[in-house]
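The structure under discussion appears below in the form of structure tokens.
The values are calculated or read from the model by the stated rules, or taken from the named source; none is laboratory data. Note that the coordinates shown come from a computational prediction; the quantities given were computed from them, not determined experimentally. So basically every Cβ, Gly included, is an ideal-geometry build from the backbone, and we count neighbours across all protein chains shown.
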Amino acid sequence: MRSSGVLMSRTWSGACGMSWTLSPARRQAATTFQAVLEEAATLTIFMKDGRVLSARTEPAKGSPRNPMTYDEVADKFRTNAEFAKWPTQKAESIIALVKSLESAPTLDRLTAALTA
């Protein structure tokens, strides 16, 4: 199956619905692309009129070289929870549980909140 020029094979994941799996050749390309996102890069463009335009990028936000802060992760989770139409109270409860994981004796409360 072709989608957006990327060869994919389709798999099903039960109650979760449909998921997509990249073919082995495309998986290598995706891995290489991920590695590029984790490094800083310089883009240089040579214009026909002789000008040279150059810009430097930083590693992608969330990569190991440019990690997200706890608050940025929490904000991203809020956005995803809102998109999934989760109640705000549920999302905030999960964020609070994750923040207190270091002192939690088990993951029972977190897994219960995620599956409720």
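One line per residue, one yes/no per condition, for (1) surrounded by 13 or more Cβ atoms within 10 Å (Cβ to Cβ); (2) without any contact (Cβ under 8 Å) to a residue 60 or more places away in the chain; (3) hydrophobic (A, V, I, L, M, F, W, C):
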position: Ile45; (1), (2), (3): no, yes, yes
position: Lys48; (1), (2), (3): no, yes, no
position: Arg78; (1), (2), (3): yes, yes, no
position: Phe83; (1), (2), (3): no, yes, yes
position: Ile95; (1), (2), (3): yes, yes, yes
position: Val98; (1), (2), (3): yes, yes, yes
position: Arg109; (1), (2), (3): yes, yes, no
### Answer residue from the range 20-43, given it is surrounded by 12 or more Cβ atoms within 10 Å (Cβ to Cβ) and modelled with pLDDT of 60 or more and is nearest to Asp75 (Cα to Cα) among those
Glu38
### Message
Filter the range 52-80 down to the residues that are under 14 Å from the mean Cα position of the chain (by Cα), modelled with pLDDT of 90 or more and of a type in the set (A, V, I, L, M, F, W, C) and list them by number.
### Response
Met68, Val73, Ala74, Phe77
